[in-house]
1. I'm trying to understand the selection: among the residues of the stretch A:40-79, which are outside any strand (DSSP E or B) and either in contact with a helix residue (DSSP H, G or I) (Cβ under 6 Å, 6 or more places away or on another chain) or within 14 Å of another protein chain (Cβ to nearest Cβ) (or both)?
2. Residue A:115 fails exactly one of the following numbered conditions: (1) part of a strand (DSSP E or B); (2) touching a strand residue (DSSP E or B) at 6+ places or on another chain (Cβ under 7 Å). What is the number of that condition?
3. Quick one: is residue B:132 more than 12 Å from the chain's Cα centre (by Cα), part of a strand (DSSP E or B) and assigned by TED's automatic domain parsing to the domain that holds residue B:86?
4. Quick test for you: out of B:103, B:84, pick the one residue that is out of contact with any helix residue (DSSP H, G or I) (no Cβ under 6 Å at 6 or more places or on another chain), modelled with pLDDT of 95 or more and either within 14 Å of chain A (Cβ to nearest Cβ) or part of a loop (DSSP other than H, G, I, E, B) (or both).
5. Considering each of A:101, A:37, A:93 in turn, give the residue that is outside any strand (DSSP E or B) and surrounded by fewer than 14 Cβ atoms within 10 Å (Cβ to Cβ).
6. For the stretch B:127-149, how many residues meet the condition of being surrounded by fewer than 20 Cβ atoms within 10 Å (Cβ to Cβ) and within 10 Å of chain A (Cβ to nearest Cβ)?
7. Tell me, which residue of the stretch B:56-81 that is outside any strand (DSSP E or B) and in contact with a helix residue (DSSP H, G or I) (Cβ under 6 Å, 6 or more places away or on another chain) is farthest from the other protein chains (Cβ to nearest Cβ)?
8. Given the conditions (1) within 12 Å of another protein chain (Cβ to nearest Cβ); (2) crowded, with 17+ Cβ neighbours inside 10 Å; (3) in a strand (DSSP E or B), and given that residue A:83 satisfies all but one, which numbered condition is not satisfied?
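The values are calculated or read from the model by the stated rules, or taken from the named source; none is laboratory data. Everything quoted here is computed from the prediction, not taken from an experiment. Heads up, the Cβs are rebuilt from the backbone with ideal geometry, glycines too, and the neighbour counts pull from every protein chain shown.
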């Protein structure tokens, strides 16, 4: 039994790193179907922190894209500016909405064309080292 | 009831009737013959830019009602949202006006948006949308006259974002800017506005 303990701890450790963090939930994630030739795509979602303490999204990655970033849109009068966010705070008990015209996840350097209806798998990285795996359907918004 | 008071009542009723009879046609006239908002006079104007198929000018669209937008193809959020809304509005216009509506997408990022790339980008949304670009100087001049702001970052690596205004311009069959929308405007509203202006085209 003692021999088994270390591998078991390691195994549990890995499991807790990769599995969904129960107190942070992602809902209604979707990807805007990009036009052909476009290697940049926006992902939208609602992130809920059901924990009593604050969490923070520190990064995003996707096996199908070279890079992922969080962006905010700054609307000044009728001009729109995209601002790269290093991270996104998730206050306790609150919902953080990523929606068109507001915050979004930008994936750059898509490795292949996306098709409507397919699921794109992304990983949201929490500052505490945990990872949230999400599957976002691709939607044609034309 | 005195005769004077009776006459007054008759006169009042007659005036009311006249008002009702006149209001109908007046409201209908307003609906059918839209006017150019004063704030938009002098905005816009003709230009010639490059498409994949060759030079395209605004006056090439004479007789058509056009939705026009400034943006760039590497824009993940605002531009596809605007073009999607424009494309839906174009599709909502009834069939007999199908070829009398069009869209124009002007890329302010000519370094990355070649006319070929623009052709593929816009036709994903609707075949009636044409993608145009030009030299930075030409684009600056057009943007200035259309009061569309854009700024490219001074340091441009492989990836960069372009700040740009989000107007969707409604251009009538005479090439005048007659309305302003943005990507948050309902497609139905744009389609209705286009049809009102088409109503004046014979």
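1. A:62, A:77, A:78
2. Failing condition for residue A:115: (1).
3. Working: more than 12 Å from the chain's Cα centre (by Cα): yes; part of a strand (DSSP E or B): yes; assigned by TED's automatic domain parsing to the domain that holds residue B:86: yes.
Judged against the criteria, residue B:132 is a match.
4. After ruling out the rest, the residue left standing is B:84.
5. A:93
6. The qualifying residues number 2.
7. Within the stretch B:56-81, the subset outside any strand (DSSP E or B) is B:58-64, B:72-81.
Adding the requirement that they be in contact with a helix residue (DSSP H, G or I) (Cβ under 6 Å, 6 or more places away or on another chain) leaves B:64, B:73.
On the way: B:64: 21, B:73: 6 Å.
Ranking the qualifying residues of the stretch B:56-81, first place goes to B:64.
8. (2)
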